[in-house]
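K.L.:
The structure is given below, and queries will be raised subsequently.
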Amino acid sequence: MNKLEVKKYKSIEEISPEAWNQIAAGRGFQSHQWYAFGEHVMADCPPTYLIAWDGDTPIAGAALFKVKNEPLPLPKIARQFMSSVLKRRPLLVCRSPLADTSALLLPGEPLRDEILPVLASAAQDEFKKQRCSFLVFDYLLTEQLKYQSWPPGYEPITVSEPGTYMPLEWESFEAYLEAGNKKDRQHYKRTLKETSDNGVVLSRHNTVPDVETAVGLIENVSIWHGSAPNPWARNLLEHFSMTDGTWLELRKDEKLVGCGAILRDNKFQLTSMLGLEDDVPGGYFLLLYAALQEAFEHKVRLVRFGSGAYDVKRRLGFHLEDTNHAMITMAGIMSRAAKRLTSKD
């Protein structure tokens with residue numbers, strides 16, 4: 001392999017779909033189209049793309065976003081304090097937009113160990129140029145934390161609750177139900193009956209008909225969980241038609257009482273933006289079952305449901321993701337690392 005050259009880009013539109021998708025290699029929520037969607041939704045978070053080239057061949061990449069309004073998993077008072085800090089010194093995060101997925105796109109061994117320090121060092125250079133508070137490579141696997149080729153200045157941490165996932169190993173939703181136990185099948189039928197008896201009607205859409213009400217329902221769920229509201233929820237709903245997705249709605253007497261966004265990319269599916277009124281019996285489960293039906297209908301390979309409600313999701317067959325880890329750096333860490341290297345010399 002020739003000497004690697006890392007080139008920098010300020011928009012996914014500066015990179016050809018062929019080059020980026022070659023790096024993404026079919027990984028979920030990593031396609032050129034997905035990042036174009038993400039840039040529109042997260043318009044307040046300027047991106048920087050790094051691609052490692054071997055001559056005319058793209059080998060690896062990383063997408064960095066400068067984030068001033070990160071919805072941190074902290075108590076409200078702490079969030080308010082950090083919000084004031086991040087307005088002055090934002091985060092620089094290596095993360096696929098809106099998908100809780102790493103944007104560090106590396107090849108396998110042995111190239112990985114040669115390319116990681118080159119990309120990670122280029123990210124540190126951007127971090128210093130953009131005067132951010134932290135550089136964060138989050139949603140990493142435990143295995144990725146252990147790579148020996150991370151350059152000096154990075155520290156591993158374990159962060160918020162893990163998400164959940166399930167590979168689709170069945171031919172259809174009906175086959176999935178049949179493979180479960182009788183109690184699970186009864187629960188599905190009970191959910192349908194409970195929502196029907198309460199006049200709750202499910203519908204599917206390619207766009208979001210009532211953005212204002214939907215945003216309010218999504219914020220309801222954030223309040224119940226004590227979490228920060230997603231600052232990009234409204235933009236995601238307004239730009240929903242840009243991506244491959246299905247918008248789910250629950251209505252009672254024509255009133256919107258529940259909703260959820262089903263997002264798909266490269267045969268992966270993510271359920272996001274769940275919203276509910278306070279009292280919608282069976283509504284949460286109806287949305288989850290509908291999301292699973294969508295996955296089978298679109299023949300996706302893997303379904304992700306995010307964090308929380310673990311008992312419910314385990315019952316549906318989901319597993320915990322091993323991606324609640326990160327490598328971080330900040331100005332102080334980098335300074336100490338440089339001093340350690342100098343002292344060794």
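The values are calculated or read from the model by the stated rules, or taken from the named source; none is laboratory data. Predicted model only: the values in this text are computed from it and were never measured. For neighbour counting, all protein chains shown are included, and Cβ atoms are generated from backbone atoms with ideal geometry for every residue, glycine included. Accessible surface is based on the protein model in full, side chains and every heavy atom, while ligands, DNA and RNA are left aside. Shrake-Rupley method; radii C 1.70, N 1.55, O 1.52, S 1.80 Å.
K.L.:
Between a residue in the stretch 103-121 that is in contact (Cβ under 8 Å) with a residue 60 or more places away in the chain and any residue that is part of a strand (DSSP E or B) and among the charged types (D, E, K, R), which pairs come within a Cβ distance under 6 Å, given they are 6 or more apart or on different chains?
P.N.:
103/95
K.L.:
Collect the residues in the stretch 280-319 that are aliphatic (A, V, I, L, M), modelled with pLDDT of 95 or more and within 21 Å of the chain's Cα centre (by Cα), keeping them in residue-number order.
P.N.:
287, 288, 290, 291, 292, 295, 300, 302, 303
K.L.:
A further question on this structure: Among the residues of the stretch 112-139, which ones are of a type in the set (A, V, I, L, M) and either over 18 Å from residue 52 (Cβ atoms) or touching a Leu at 6+ places or on another chain (Cβ under 7 Å) (or both)?
P.N.:
Listed by number, the residues that qualify are 115, 116, 118, 119, 122, 123, 135, 136.
K.L.:
Are any residues in the stretch 320-334 modelled with pLDDT of 85 or more, more than 20 Å from residue 163 (Cβ to Cβ) and open to solvent by 30 Å² or more (accessible area, probe 1.4 Å), and if so, which ones?
P.N.:
Just the residues of the stretch 320-334 that are modelled with pLDDT of 85 or more, to begin with: 320-330.
Right, trim to more than 20 Å from residue 163 (Cβ to Cβ) and you get 329-330.
The answer is 330, and nothing else.
K.L.:
Does residue 194 satisfy the condition of being in contact with a strand residue (DSSP E or B) (Cβ under 9 Å, 6 or more places away or on another chain), part of a helix (DSSP H, G or I) and over 17 Å from residue 254 (Cα atoms)?
P.N.:
So residue 194 passes the test.
K.L.:
Quick one: what pairs do we get from the stretch 239-254, first residue closer than 18 Å to residue 266 by Cα, second outside any strand (DSSP E or B) and open to solvent by 60 Å² or more (accessible area, probe 1.4 Å), C-beta under 6 Å, 6+ apart or different chains?
P.N.:
240/207; 241/207
K.L.:
Then there is this: I'd like the full set of residues that are open to solvent by 50 Å² or more (accessible area, probe 1.4 Å), part of a helix (DSSP H, G or I), under 23 Å from residue 309 (Cβ atoms) and not aliphatic (A, V, I, L, M), limited to the stretch 178-191.
P.N.:
The first filter runs over the stretch 178-191 and keeps only residues open to solvent by 50 Å² or more (accessible area, probe 1.4 Å), leaving 178-179, 181-183, 185-186, 189-190.
With part of a helix (DSSP H, G or I) added as a condition, the list becomes 178-179, 182-183, 185-186, 189-190.
Keeping just the survivors that are under 23 Å from residue 309 (Cβ atoms) gives 179, 182-183, 185-186, 189-190.
Answer for the stretch 178-191, where residues must be open to solvent by 50 Å² or more (accessible area, probe 1.4 Å), part of a helix (DSSP H, G or I), under 23 Å from residue 309 (Cβ atoms) and not aliphatic (A, V, I, L, M): 182, 183, 185, 186, 189, 190.
K.L.:
Identify the single condition in (1) modelled with pLDDT under 90; (2) open to solvent by 20 Å² or more (accessible area, probe 1.4 Å); (3) on the phi < 0 side of the Ramachandran plot that residue 337 does not satisfy, given that it satisfies every other one.
P.N.:
So residue 337 meets the others, but not (2).
K.L.:
Any idea which of (1) closer than 25 Å to residue 27 by Cβ; (2) modelled with pLDDT of 95 or more; (3) touching a Pro at 6+ places or on another chain (Cβ under 8 Å) is the one residue 230 doesn't satisfy?
P.N.:
For residue 230, the exception is condition (2).
K.L.:
Out of all the residues in the stretch 153-170, which are touching a Phe, Trp or Tyr at 6+ places or on another chain (Cβ under 6 Å) and of a type in the set (Ser, Thr, Tyr)?
P.N.:
Passing the criteria: only 164.
K.L.:
When the stretch 1-44 is examined, which residues are found to be β-branched (Val, Ile, Thr), touching a residue at least 60 places away in the same chain (Cβ under 8 Å) and touching a Gly at 6+ places or on another chain (Cβ under 9 Å)?
P.N.:
23
K.L.:
Run residue 219 past the list (1) at positive phi; (2) touching a strand residue (DSSP E or B) at 6+ places or on another chain (Cβ under 8 Å) and report the number of the one that doesn't hold.
P.N.:
(1)
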